[in-house]
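Student: Below is the structure I would like to discuss, written out as structure tokens.
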Amino acid sequence: MFVMTDQLRADFTRGVGFGLDTMPFLDSIAAQGTRFRRAYTTAPACVPARTSLLTGRWPSTHRIRQNSNTSPEDVARGDDLLDVLRGAGYQLFYAGKTHMYRNKAEDYDAFSEYGHTMAPDTTTEQRAFTDWLKSIDMGPTSAPTPFPVELQYPYRIVSDAIQQIDARDPDKPFFSFVSTPEPHNPYQVPEPYFSLFDEDKIPNRLAGPEAAEAKGGAYKWLRDLVEEKRPGYDKLWRRYRATYCGMLRLIDDQLRRLVGHLKEQGLWENTLLIFLADHGDYAADYGLQRKGAGMPEALAHIPMIVHGCGVETQDNKKDFVSIADILPTVCEAIGRPIPLGVQGRSLWQMLTGADYPAAEFADIVTERGYGGLPYPDDARPPLHFPYEGTRYDELNSVTQSGSSRMIRHDHYKLYEHVSGPGELYDLEKDPMELHNRFDDPSLRDVKAELMQRLQRWSVRLTDDLPQGKYNARLAQHNWYRTSKAHGA
């Protein structure tokens, strides 16, 4: 079973040190399974990341770099997650937000689709709630949502998932994909969640709008755009964060409800649960909302928790893993071969306490950009749609212009861009990435090592598809570094 959230930060639960207890049930599951503290998305945008989840490939290889590309014909891939599970005899259930190329009822045995302001509404109350969601223009709101919890999409999605599971063929295994549009904007939540986290007790952010000004480029461009559309919006940053935290608790309560039903039906003991997000949210860091500029930790770092079916209890703080690693991990968990063209690495040995080469997971990369050259800071190019009223698109032609790739290793982070200077940050000293040390002589050796590691990843992400007449020698578990590097 997958439980996926949209735009959930990795650092906003008490289990990883956040000052508020936003998701106690999720933390309890993590305490009984494996939590990956260093999990990253392949791209801080929904469709590219979700396509990586399905294909085990990075955006530069599966070719989906924009949220507007959700057609199966656009995707470069071999067998994907659904192909593997279908081939293994699994029933396939989907409830929630898709925002990826596997978005049709014929892809599944049972299918219920939701969006951020779209749902399979059948009652007057449901239609009224969806109309209200559209009216708040992606939020955040300053008052509680005037509709009950039962109309919220996470509640309804879990209800649909439960119905799908209960109607299954008990003689066949099943895969359930439960995907909440929240805590993505529109930022809204009803009582008791709206008042659950007092604005005055919201932990302070590390940096506000001055950080966007200092970083410049797309950060400042996006900050100026939102200020133009919604003057003074950042004055309400504590309310925005409090609502975001309330949304997390609402999701957590629905996860508790879903797991509780599995337990009642005697299914929990044989369920492998993978919880993750596609990317994060600024949550007021840099004086920004949503996502858009750059690949800071707030966006690129994601939660990833695995529980059940032989998964050991461990708090993994050292291995760098990716959303692209999920497909090969599932393949080995169910005893199926990893399809040709998959670039992610199996985590199954790591999850079950078997031996694995630490060097294979010593670094990870994330990608960003629609291609071409970056637009200048004063650009006014055609954008994704007309920006009427307070409406704006954070993933636009400016913020996503050009191409970038970043690598994480140890406590460092290095960026290379299609044009312009690179970036290098020591995240222990500079978690907000405000002091670029790319040209710092004292980090010359660190930069050289990171650039070498990034080059190795660039070679690794060369596409193996389509396969011609000759067969490639495949790496066991998709680990490309040999056992000689074991423990490095």
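Each value in this text was obtained by applying a stated rule to the coordinates, not by laboratory testing. Since the model is a prediction, treat every value here as computed from it, not as a measurement. Here the Cβ is made from the backbone with ideal geometry for all residues, glycine too, and neighbour counts use every protein chain on show.
Student: Hey, fewest Cβ within 10 Å first, where do Ser179, Ser159, Ser142 land in order?
Tutor: So the ranking, lowest neighbour count to highest, is Ser142, Ser159, Ser179.
Student: May I ask you to compute the full-extension gain from Glu213 to Gln476, defined as 0.36 nm times their residue separation minus their alpha-carbon distance, rounded to one decimal in nm? Could the numbers behind the result be given before it?
Tutor: Values: separation 263, 0.36 × 263 = 94.68 nm, distance 4.69 nm.
Full extension from Glu213 to Gln476 adds 90.0 nm.
Student: Relative contact order (percent) for the chain, with alpha-carbon contacts under 8 angstrom and 6 or more residues of separation?
Tutor: Relative contact order here is 23 percent.
Student: How much length is gained if the chain between Lys469 and Leu206 is pulled fully straight, taking 0.36 nm per residue apart and subtracting their Cα-Cα distance, in nm to one decimal?
Tutor: 89.2 nm
Student: Same structure, new question: Just how large is the dipole of region 249-332 about the Cα centre, in debye to the nearest 20, putting +1 at every Lys and Arg Cβ and -1 at every Asp and Glu Cβ?
Tutor: Dipole magnitude for region 249-332 comes out near 240 debye.
Student: Mind checking the alpha-carbon convex hull of region 315-420 and giving the volume per residue in Å³? Numbers along the way, then the final one.
Tutor: Numbers: hull volume 20.1 nm³, N = 106.
In region 315-420, the Cα convex hull volume per residue is 189 Å³.
Student: Of Thr122, Thr98, Thr366, Thr42, how do they rank once you tally other Cβ atoms within 10 Å and put the fewest first?
Tutor: Fewest-to-most Cβ neighbours within 10 Å comes out as Thr122, Thr98, Thr366, Thr42.
Student: Quick one: if you take sqrt(5λ) for each eigenvalue of the C-alpha gyration tensor of region 2-357, what semi-axes come out, biggest first, whole angstrom? Each step should come with its number before you reach the end.
Tutor: Working: eigenvalues 189, 111, 85 Å².
Those come to 31, 24, 21 Å.
Student: Using a 7 Å offset from the Cα along the Cα-to-Cβ direction at both Ser458 and Arg336, what is the distance between the two label points in nm, to one decimal?
Tutor: Computed distance between label sites Ser458 and Arg336 equals 3.4 nm.
Student: A further question follows. Kindly work out what percent of the DSSP beta bridges joining two residues of the chain are antiparallel, to the nearest 5.
Tutor: Numbers: 25 of 50 bridges.
If I count the DSSP bridges inside the chain, around 50 percent turn out antiparallel.
Student: Work through the residues other than Met118 whose Cβ is under 13 Å from its Cβ and net out their charges, Lys, Arg +1 and Asp, Glu -1.
Tutor: Charge balance in the 13 Å sphere: +1.
Student: Would you mind checking which residues have amide H under 5 Å from Phe177's amide H? H placed 1.01 Å from N; only 5 or more apart, or other chain.
Tutor: Under 5 Å from the amide H of Phe177: Phe2, Phe93, Tyr94, Ala95.
Student: Shifting gears a bit: If you filter region 303-387 for chymotrypsin sites (Phe, Trp or Tyr not before Pro), then keep DSSP loop positions with at most 14 other Cβ within 10 Å, what is left?
Tutor: Passing both the DSSP loop test and the Cβ count: Tyr387.
Student: Hey, rough spin-label estimate for Arg168 and Arg380, points 7 angstrom out along Cα→Cβ, what's it come to in nanometres?
Tutor: 5.6
Student: Could you list, in their original order, any pairs among Lys291/Lys429; Lys97/Lys220; Lys229/Lys291; Lys104/Lys134; Lys413/Lys447; Lys215/Lys318 whose Cα atoms are separated by more than 19 Å?
Tutor: Too far apart for the 19 Å limit: Lys291/Lys429; Lys97/Lys220; Lys104/Lys134; Lys215/Lys318.
Student: Same structure, new question: Note down the Stokes-Einstein diffusion coefficient of region 162-241 in µm²/s, whole number, using a Kirkwood radius over alpha carbon pairs, 20 °C, and 1.002 mPa s.
Tutor: 128
Student: Based on Cβ point charges of +1 for Lys and Arg and -1 for Asp and Glu, what charge dipole magnitude is obtained for region 2-357 about its Cα centre, in debye rounded to the nearest 20?
Tutor: Numbers: 40 positive and 47 negative charges, 159 e Å.
Its charge dipole is roughly 760 debye.
Student: So how do Met432, Met451, Met406 line up by other beta-carbon neighbours within 10 Å, fewest first?
Tutor: By the 10 Å Cβ count, ascending: Met451, Met432, Met406.
Student: What is the distance in Å between the Cα centroid of region 235-268 and that of region 339-376?
Tutor: Distance between centres, Cα-based: 28 Å.
Student: Between Asp410 and Ser68, what is 0.36 nm times their sequence separation minus the Cα-Cα distance? Round to one decimal in nm.
Tutor: Gain in length upon complete extension: 119.7 nm.
Student: Same structure, new question: Once the Cα atoms of region 131-173 are picked out, what are the Rg and Dmax in Å?
Tutor: 15.8, 49
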